[in-house]
Every structure is written in structure tokens, then in C-alpha cells.
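Below is one structure, written out as C-alpha cells; the observations come after it.
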Amino acid sequence: MKARYMACLLLVGLSMFSLSLCISCKRAESSIPIGEREHPDMELHNADYTLGENVAGASSENPLYMHAALISIYSTGRDTVLSEVSFHQGQSMSGRCKSASVSADNDKATLKGDVFVEMDNDGTKVTIESQEIEWDGKENTLFCNGEVVVTYGDGTKIHAELFSADMDENRYEFGRILEGTLV
């Protein structure tokens with residue numbers, strides 16, 4: 001009987017301790033000003049997002065359309081964050097990535113995590129794979145500061161560091177080729 005009584009007291013004591021920890025955590029969170037919290041103003045699930053289109057509806061000549069499992073929008077000028085993303089730009093480019101960060105001006109995006117881009121320029125197919133690629137809607141370019149693998153339709157594969165693509169000019173530039181040969 002005494003052991004049961006002691007177990008009950010121990011359980012009540014642990015419960016009170018846990019409750020006091022929860023209350024102190026809540027109190028600490030509430031002392032952070034609302035504007036500094038990391039919560040988005042709006043979350044959209046299974047939604048579409050268009051880059052290169054401003055609030056008035058005017059758009060660039062070739063906007064990038066994205067579909068995401070989750071879109072987190074912040075009203076404080078922060079980037080909009082998309083998760084589990086697929087995208088396309090006209091009929092010439094499509095791809096996917098784990099996440100994307102869209103600039104507040106809606107003209108640039110940073111694609112991250114297993115980025116795969118497939119392009120078809122006048123019948124020439126090119127795929128680009130990297131962990132991070134920047135898309136610039138004003139210039140219609142892609143830029144990769146890290147490692148990238150570019151595969152051409154004829155099977156030519158280039159593994160490089162630093163890469164840029166001008167999609168209007170169908171021009172690809174490599175900073176340093178690590179493996180492969182350009183013909």
C-alpha cells in the first residue's frame with residue numbers, strides 16, 4: 001500500500017513539473033513581438049503560384065508556373081516559401097524540387113533540394129540537376145553557384161561547378177568542368 005501511495009505522489013509530482021514547463025514555454029513564446037514570429041500570414045495547401053506576375057496582373061513575357069504541396073506567404077516582405085514543387089515555363093521548361101523561395105518582388109526564385117529541370121529548345125533536350133538553382137524572371141536565366149550535372153539529348157553529360165543558362169538565347173556556360181567534355 002505504501003509503495004502505491006509513493007508511486008501516486010511521484011506521478012502527481014512529475015505531472016506538476018511537466019505542466020510548469022509547458023506554462024513557462026508558453027510565457028517565453030508570448031514575449032516575442034508578433035512581427036518577429038516565424039509564422040506565415042497565410043498557408044495554402046496543394047496550390048498554384050505564378051512567378052513573374054505582379055499584383056496588378058501584368059506579367060512578364062514568360063512567367064514560371066509552380067504547383068506546391070504547401071505555400072507559406074508572409075506579409076512582411078519576406079520570401080514566399082513553397083514545398084514539394086513542380087513547375088513549368090511555357091512548353092520549353094519543366095521540373096521539380098523539394099522547396100522554392102520566391103523573392104518579395106516576385107521576379108526571382110531559389111529552387112532547392114534535388115532540383116531537376118528539363119528544357120526543350122527547338123528540339124534540343126537538356127536536363128539540369130543540382131541541389132540549388134536560381135531562376136531570374138526578368139533575365140529569363142538559371143544560375144547555379146554549386147555543382148551541377150547537365151545532360152544533353154545526345155547523351156553528352158557535363159558535371160561542373162558554376163553554371164548559367166540564358167533560356168532566350170539557348171546558351172549554357174560552365175565555370176569549371178569537373179567531368180565530361182564539350183564538343
Note to self: Could you compute how fast segment 66-137 diffuses translationally, taking Rh as the Kirkwood radius over C-alpha pairs and applying Stokes-Einstein at 25 °C with viscosity 0.890 mPa s? Give it in µm² per second.
What the structure shows: 196
Check: Across segment 75-90, in residue order, what do the Karplus-derived ³J(HN,Hα) couplings come to in whole Hz, using 6.51 cos²θ - 1.76 cosθ + 1.60 with θ = phi - 60° and x for Gly and Pro?
Finding: 8, 8, x, 6, 5, 7, 10, 10, 10, 6, 9, 10, 8, 7, 10, x
Checklist line | Karplus 3J(HN,Hα) series, Hz, for segment 94-103 with 6.51 cos²θ - 1.76 cosθ + 1.60 (x for Gly, Pro) | finding: 8, x, 7, 7, 6, 8, 9, 10, 9, 4
Item checked: Net charge of Cβ neighbours under 15 Å - reference Gln131; Lys, Arg +1; Asp, Glu -1 -> -3
Next item on the list: Among Gly175, Cys97, Ala165, flag the residue with its Cα farthest along the positive direction of the charge dipole of segment 68-175, charges on Cβ as +1 for Lys/Arg and -1 for Asp/Glu.
Entry: Cys97
Check: Ser86 to Leu178: FRET efficiency via 1/(1 + (r/R0)^6), r the Cβ-Cβ distance, R0 30 Å, to the nearest 0.05?
Finding: 0.60
Item checked: Calculated FRET value between Leu70 and Phe116, using beta carbons and R₀ = 22 Å, to 0.05 -> 0.70
Next item on the list: Find out how many positive minus negative residues lie around Cys97, taking Lys and Arg as positive, Asp and Glu as negative, among other residues whose Cβ is under 15 Å from that of Cys97.
Entry: -3
Notebook entry, point to check: What percent does the relative contact order of segment 67-108 come to when contacts are Cα pairs within less than 8 Å and at least six residues apart?
Noted result: 35
Notebook entry, point to check: Using 1/(1 + (r/R0)^6) with R0 = 41 angstrom and r between the beta carbons of Thr127 and Glu43, what's the FRET efficiency to the nearest 0.05?
Noted result: 0.85
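Bear in mind that the values in this text are calculations on the coordinates, not laboratory data. Since the model is a prediction, treat every value here as computed from it, not as a measurement. Cβ: placed from backbone, ideal geometry, glycine included. Neighbour counts: every protein chain shown.
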